[in-house]
Each structure stands twice: as structure tokens, then as C-alpha cells.
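One structure is given below, encoded as C-alpha cells.
The values are calculated or read from the model by the stated rules, or taken from the named source; none is laboratory data. No experiment lies behind these values; they were computed from the predicted model shown. All Cβ positions, even for glycine, are placed from backbone atoms using ideal geometry, and neighbour counts span all protein chains on display.
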Amino acid sequence: MIPKNHPRYNSLILREKIKNAYKLGYLADSGMIAHGRGEAFDYLIGEKTSDNSKIAIEASVAMILLAENPVLSVNGNTTALVIDDIIKLAKEINGKIEINLFYRTKERVDIIANLFKEKGWENILGTNNDELLHINNIESPRSTASKNGIYNADVVLVPLEDGDRAEILVNSRKKVISIDLNPMSRTSKKSTISIIDNVTRVIPSMIEIAKNLKNKDKDYLKEIVNNFSNEDNLKGSLKTIDLVKGKYK
Ligand code: ATP
Ligand code: MG
């Protein structure tokens, strides 16, 4: 048991969730390494949602609400950390959920699909029963996508995505919203909107913003998207790191 007053309580709880997912067999060992890399960057941004990230989150929700076929992509880490919130968000924005694993095995996909089914989300895409196509006919395990899901999506939300896959998605003219704590990762550089923040803070925040923006008209949402510059926002995230570092001088 982790004592609630431990100064690193939240961080330790997340580690437990990641370790548990590994033990249950649906998170690859490299998923634990990815988590560790994320923790390091979370320290650097002060372990909270910056004003800069809030702007990127709002633009993302507006973009998702304007989409025809928005899909939320999930992997082992996302499932371990935010399965309930991903389901809530999918309901709120009327979107689909698709499993997409870097180290795809039949077993991992089955476990994740079952976890979602146990939570009441039956129609999970990207499973072993699904028809998987290759985006732009690229013969790579990084290019697979479910026909009714990411393959035909116009907007895809990708928490903790691999750089190669993010590039394939962007090149196929999809709008790609990434959630990645590292503002310098290839994924963050390639995405249409790069949210530099922890997936555990971003998804709950998206749900709240979606509740509010759902009632706005399309022009209002388009204006939010048009006023957003990902280049400026990424620069802002790098500045956040400088500001946090400055506090330790
Ligand atoms: P690149 O995009 O440059 O190819 P990568 O794919 O090699 O990077 P990985 O370590 O494979 O990087 O991917 C993990 C990424 O996910 C890291 O950039 C890490 O910061 C980020 N990450 C890990 N945990 C979280 C989290 N909880 N929330 C958001 N991002 C996270
Ligand atoms: Mg990579």
C-alpha cells in the first residue's frame, strides 16, 4: 500500500498501474520504458497542465467535434492509465476506439479488447476479428488500421504514439492529435496538434471541455482551430520547461 501522504503518491499510483498491466500481459516491457521516459518529461513541465497545454487541449476538442469520423487510438499504456476516461470521452464526442499496439500480439489485443468489454464498451476496433488494412498501401506493421476506424478516420487522437506511425498518419492527410510529454519527440514534431502533457490529465480535461464545446456552433469551433498554431504552441511548451527549471536556480 502506498501511503496517501507520500510526496510522490500520484506518480507511484501510476507506476503501480503500469506494472500491473505488464503482469497481466497486455503491456510490453518497452511500455514500461516509455512510461519512465514520460515521467522524466513530466518533472520538467512541473507535473501539471500548463496554460499552453490548455490551449492545445481546447483546439483538439474543437477539431474532434468538427470531425466526421473521429477515432481514439489506445495502446497498453493508455489502457492501463485511463481506460474509464477514454470510454467517457468516446461517448461524449461520439467517437470510436481502436486498439493500436507497437508490439502487436494476438494475446495483448485480446486482453485489451476484453478489458474494454468488461467496462461496457463492446464495439472496440482493431481487434483480431477486425479487417486491418494498410494505410497508403505501406507494407509496415506501423501502417495497419481498421477499415471502419483509423483507416477511414479524418481525425485521430494518439496518446503515446510512435514517431513513424504518426508520420504515416499525417502523410495520409489525417489530422493527428498526439498526447506526448516530450515536446522534442518525432511524434510531437509531426502531429497536427501536439498536446505536451500527461495522458492522465489530458483525457479528463478533454471530457470537461467537450461538455461545454458540444453546444457551440461549427463556426465557433472552426475559429478555435484556426486561431491555433502548433508551432507556437510547441515553442510555448519548451518555454514551460525553462520556467520550471528557473524555479530551481
Ligand atoms: P519518437 O516519437 O521520437 O519516435 P519514441 O516513439 O521513440 O519517440 P517512446 O519512448 O517509444 O518514444 O514513446 C513514448 C513517448 O510517450 C515518450 O515521448 C514519452 O514522453 C511519452 N509518454 C510516456 N508516458 C506518457 C504519459 N503518461 N502521458 C503522455 N505521454 C507519455
Ligand atoms: Mg519510436
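Condition (residue is on the phi < 0 side of the Ramachandran plot, within 16 Å of ligand 1 (Cβ to nearest atom) and among the β-branched types (Val, Ile, Thr)) applied to segment 160-168: is it met by at least one residue? Checking segment 160-168: at least one residue is on the phi < 0 side of the Ramachandran plot, within 16 Å of ligand 1 (Cβ to nearest atom) and among the β-branched types (Val, Ile, Thr).
With respect to the conditions (1) under 18 Å from the mean Cα position of the chain (by Cα); (2) touching a residue at least 40 places away in the same chain (Cβ under 8 Å), residue 107 falls short on a single one, namely (1).
Apart from one condition, residue 49 fits all of (1) in contact with an Asp or Glu (Cβ under 6 Å, 6 or more places away or on another chain); (2) within 16 Å of ligand 2 (Cβ to nearest atom); (3) β-branched (Val, Ile, Thr); the exception is (2).
With respect to being more than 13 Å from ligand 1 (Cβ to nearest atom), farther than 20 Å from residue 87 by Cβ and at pLDDT 95 or above, residue 191 falls outside the description. Residues that are in contact with a Lys or Arg (Cβ under 7 Å, 6 or more places away or on another chain) and not acidic (Asp, Glu) were ranked within segment 125-147; the one that is modelled with the highest pLDDT is 125.
Across segment 154-187, the number of residues qualifying as surrounded by fewer than 21 Cβ atoms within 10 Å (Cβ to Cβ), within 19 Å of residue 228 (Cα to Cα) and among the acidic types (Asp, Glu) comes to 1.
Within segment 86-104, the residues that satisfy the criterion of being away from ligand 2 (no atom under 16 Å from the Cβ) and touching a strand residue (DSSP E or B) at 6+ places or on another chain (Cβ under 7 Å) are 86, 89, 90, 93, 95, 96, 97, 98, 99. Between 87, 97, 111, the distinction of being at pLDDT 95 or above, surrounded by 15 or more Cβ atoms within 10 Å (Cβ to Cβ), away from ligand 1 (no atom under 16 Å from the Cβ) and assigned to a strand (DSSP E or B) belongs to 97 only. Under the condition of being of a type in the set (S, T, N, Q) and over 11 Å from the mean Cα position of the chain (by Cα), which residue from segment 188-220 is surrounded by the fewest Cβ atoms within 10 Å (Cβ to Cβ)? Residue satisfying both the conditions and the ranking: 215. Residues in segment 32-52 that are in contact (Cβ under 8 Å) with a residue 12 or more places away in the chain and more than 30 Å from residue 228 (Cβ to Cβ): 1 in all. Restricting to segment 18-61, name every residue that is of a type in the set (Lys, Arg), within 15 Å of ligand 1 (Cβ to nearest atom) and under 17 Å from the mean Cα position of the chain (by Cα). Answer for segment 18-61, where residues must be of a type in the set (Lys, Arg), within 15 Å of ligand 1 (Cβ to nearest atom) and under 17 Å from the mean Cα position of the chain (by Cα): 37, 48. Identification of helices (runs of 4 or more DSSP H) wholly contained in segment 120-232 with 3 or more residues that are closer than 29 Å to residue 11 by Cα yields 163-171, 186-190, 199-213.
Of the residues in segment 203-213, at least one is in contact with a strand residue (DSSP E or B) (Cβ under 9 Å, 6 or more places away or on another chain) and within 16 Å of ligand 1 (Cβ to nearest atom). Within segment 148-171, track down each residue that is away from ligand 2 (no atom under 11 Å from the Cβ), closer than 21 Å to residue 93 by Cβ and either of a type in the set (Lys, Arg) or touching a residue at least 24 places away in the same chain (Cβ under 8 Å) (or both). Listed by number, the residues that qualify are 148, 149, 150, 152, 153, 154, 155, 156, 157, 158, 159, 169.
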